[in-house]
1. Taking region A:40-68, which residues are out of contact with any strand residue (DSSP E or B) (no Cβ under 8 Å at 6 or more places or on another chain) and within 16 Å of ligand 2 (Cβ to nearest atom)?
2. Looking at region A:57-99 only, could you name the residues that are facing chain B (nearest Cβ under 7 Å) and within 25 Å of A:Y27 (Cβ to Cβ)?
3. Please go through region A:109-120 and give me each residue that is surrounded by 15 or more Cβ atoms within 10 Å (Cβ to Cβ) and either more than 12 Å from chain B (Cβ to nearest Cβ) or touching a His at 6+ places or on another chain (Cβ under 6 Å) (or both), ordered by number.
4. Just one of B:A639, B:A660, B:A600 is in contact with a strand residue (DSSP E or B) (Cβ under 8 Å, 6 or more places away or on another chain) and either assigned by TED's automatic domain parsing to the domain that holds B:L556 or surrounded by fewer than 22 Cβ atoms within 10 Å (Cβ to Cβ) (or both); which is it?
5. Which one of B:L214, B:L191 is closer than 30 Å to A:H38 by Cα, in the same structural domain as B:G83 (by TED's automatic domain parsing) and not small (G, A, S)?
6. I need every pair where a residue in region B:682-710 that is free of Cβ contacts under 8 Å to residues at least 40 places away in the same chain has its Cβ under 6 Å from the Cβ of a residue that is surrounded by fewer than 22 Cβ atoms within 10 Å (Cβ to Cβ) and assigned to a loop (DSSP other than H, G, I, E, B), sequence separation at least 6 or different chains.
7. Considering only residues that are touching a strand residue (DSSP E or B) at 6+ places or on another chain (Cβ under 7 Å) and over 20 Å from B:R547 (Cβ atoms), which ones fall in region B:504-519?
8. Checking the condition at pLDDT 95 or above, assigned by TED's automatic domain parsing to the domain that holds A:S44 and either touching a strand residue (DSSP E or B) at 6+ places or on another chain (Cβ under 9 Å) or open to solvent by less than 10 Å² (accessible area, probe 1.4 Å) (or both), which residue from A:I126, A:I73 passes?
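The values are calculated or read from the model by the stated rules, or taken from the named source; none is laboratory data. Quick caveat: nothing in here was measured; it's all calculated off a predicted structure. Every residue, glycine among them, receives a Cβ derived from its backbone with ideal geometry; neighbour counts consider all protein chains shown. Note: accessible area is taken over every heavy atom of the protein model, side chains too, but ligands, DNA and RNA are not part of it. Shrake-Rupley method; radii C 1.70, N 1.55, O 1.52, S 1.80 Å.
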Amino acid sequence: MKLPVKMTINGQTHSHEVEPRLLLVHYIREVIGLTGTHVGCDTSQCGACTILLDGQAVKACTLFAVQADGARIMTIEGLAKNGELHPIQMGFWEKHGLQCGFCTPGMIMAAYQLLERYPKPSEEQIRHQLEGNLCRCTGYHNIVKAIQWAADNMPAKR
Amino acid sequence: MAVTEERLFGKAIKRREDPRFITGRGQYVDDVKLPGMTYAAFVRSPHAHARIKKVDAAAARKVAGVLAVYAGEDVQVGGLPCGWMLPGIKVPARPALAQGKVRYVGEPVAIVIGETPFAAKDGAEAVRVQYEALPGVADGKKAHAPGAPQLFDEIPKNQCFYWTIGDKASTDAAFASAATVVTQPLVNQRLIPNAIEPRACVASYAPGTGDLTLWVTSQNPHVHRLLMAAFVLAIPETKMRVISPDVGGGFGSKIFVYNEEVVVSWASRTLGRPVKWTAERRESFLNDAHGRDHVTEAAMAFDREGKITGLRVKTHANLGAYLSTFAPLIPSYLYGPLLSGVYKIPAIFCEVWGMLTNTAPVDAYRGAGRPEATYLLERTMDRAARQLRLDPVELRRRNFIPPFTDGTPYQTPVAFAYDSGDYAPALRRALELAGYEQARRDQAAARAKGRYIGIGVSTYIEACGPAPSAVAGSLGAGAGLWESGQVRVHPAGSVTVYTGSHSHGQGHETTFAQVVADQLGIPMEQVEVVHGDTAQIPFGMGTYGSRSACVGGSALVKCLDKIKEKGRKIAAHLLEAGEQDLDFKDGAWSVKGSPDRKKAWGEVALMAYLAHNIPQGMEPGLEATSFYDPVNFTFPFGAHVAVVEVDAETGAVKLVKYTAVDDVGRVINPMIVDGMVHGGIAQGVGQALWEHGVYGDDGQLLSATMMDYAMPKADGLPSYTTDRTVTPSPINPLGVKGAGETGTIASTPAVANAVIDALAPFGVTHLDLPLTPQKIWKAVAAAKR
Ligand code: FES
Ligand code: FES
């Protein structure tokens, strides 16, 4: 049995027939072909699959594709606009917030919502908000710095 | 020193690899998609130890989309090889898929290939395996006991090897005449590596040519190709290409050749279609090689002045059910020779029993042997300080090896000759940054108020870039320990660098380009670094043991020497000057004394390829290959200080402050080195406080998901204070040492010592890791009773 799904991903509308058991993350990676969203675990712990769904940071491995029917999704590939890096991406680059890069897309998407909630976050707030994203390489030190850098360099909201 | 002019060496240059990662354009193995690709799923043993009575694949074969099911002997390949032999070692046969018996939970029993991932997984669920369960043993020491279940008939008492280092007689004598003897039993618990990218492979066999291409999450693609082509698949290396593209962390776990890539490669060849497998995290837990797992009795002898006179160590090292690729090396030559640490210890004797158990294979995990040795030493030193009523810092100072920085090595009683070292300044600096004196005062004040602050120090040495090859060979290595490099200059002057090292987070595309651009005096943009593809790069050894800068980087320097030599000849010819009359500066050769007469790098490169006007008899072209075999390891060292607060009511530990001062020799890119230190610290803190691969007595892995295995998270860690002292390594042209593992090695004992220090008022002298709230609460409760 297959079910129809339709959603907007990074501004483009996609519709497919998919098996109900297909996870959203696999839909994004395998069906749409956007491989920047990663899979690091099978128990919703690592956050490598974090995307924005209707503006909320969610773990794309925790939803079925059919549950996202009608949703507006942004993945890491949709963050830079017209070839211009988003301040969070720049922060990660400036502050060496990544090593192997595997956790990075999820970290950046989680940071996106973090900075919406806390435009000028304290270190403690950053650390607390990243509790659902694992990184094995950086020891988190420079991820915190990267997000602080982004907060300091975010253009003022119009 | 071969370094000419340093515009880039030592600078915190932003990484060139980052743009692709921060935009989601990295290319990891699971991102590879090929036309006609099929998918694999593995059927794994649910038993720790059982006889396989029957594998029934009939129902699985009927599942829609299932193409094939193979089990045991179906897979016609050689067993997985072990790459390090020790005297008298008994190597159990390790088939790619279990044959006759399964010996650990998660051991692959069958593979199912499907048109889609779902078809493969549905098929795997439909495979019926009949087992006859056998009693198993998960603990390395229990496996040695009389009557313990036997994994292999041909390996009595499950003892794979017995290995010693040092001198028993002199050590016994030291203990006989000791003023004080400190004994310390300890467990170095099993860890599960958990790189965030799970292992994966895609094998693609081209029936027309017989070429096999394997994309695999590997830290050393050439070693993968060698072992698989020569020992497993029995094909010429020319018919196999291994590509290890972007790899999401390794920490040792991606060094080894595993069942999955072997079976997937064979299946692709058999089916004539590409086959992909990506581990689910649970499979990573069950079948990635684990780390550590030692049970040890240590004893240290002291004289009346508090100087160490002897060290005795007995370790049962749990190797798991089979020998992973480098398993025997880790608890032997990467462990015993580290037991002198930064201390002058006249007599050492260490015995190791390598034990087979019904658990996943154990192999190198970040630090590999060196953290085990360091934890043992540093925990024992702290215990000794308490017993001798000395400050732990004072005890360490009394026992430091005096400085040796003039190129004369320091010979330990356990084989190593350290290249250079000056241990006191690193400790002094760490204490200063940590505010040690003040912290001790704060601790006393807090204790008076019923708050328990602990301060832990660890001073350590590491051995990086195992070498040289001839010595390794005599000690049982099945591989050389050199590294390859190739530098190809293009006609317009840009340069492609091919390195046998492999980056899976280390940033070689940046650091190696810094080195090369500096040496040639050209902009970094003119340098491209290629790694991870056996079709492009000369045979290389890959990245492990913190070897890339010291061994891989040095191989590049050797190439550049050859290139510059040839370039100088061409420039001299064009300038009609003697070679010795030329200066090489800012990417140009100029005649000494008349700097206007010069030939730029680009002109020389072009002429090398035009060959219109080069010295007679010279071959055209400009490229060089080098194989660099270091004369010794490098020996980074340092001092770390942890401050914790323990909540005596709940047993919870808060890591309040962490200070690391490391000496990794000269530093190519301080930003990158700091990053590696940070990551290492977090991993070591993970071992001290949270991480534990727990097997039940029945051999079930109880911590088989990220829900049950506590990974370090952002909210459990502080920001770290880091600094360095710089003692250049005299053994390589860059003066660098290894930096990738220092954090892990030093931080576990620093944090453990801090927690035990916090618990001193309760009379606690030792607790085994990880120091969970439950363990601490129990210890405090017992003390209060
Ligand atoms: S893959 Fe979604 S949380 Fe790990
Ligand atoms: S950068 Fe490797 S897991 Fe975070």
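1. A:G40, A:C41, A:Q45, A:C46, A:A48
2. Listed by number, the residues that qualify are A:T75, A:I76, A:E77, A:A80, A:Q89.
3. Matches in region A:109-120: A:Y112, A:Q113, A:L115, A:Y118.
4. The conditions single out B:A600.
5. Criteria check complete, one pass: B:L214.
6. Going by the 6 Å Cβ cut-off, the qualifying pairs are B:L702/B:V694; B:L702/B:G696; B:M707/A:T43.
7. B:A517
8. Only one candidate passes the filter, namely A:I73.
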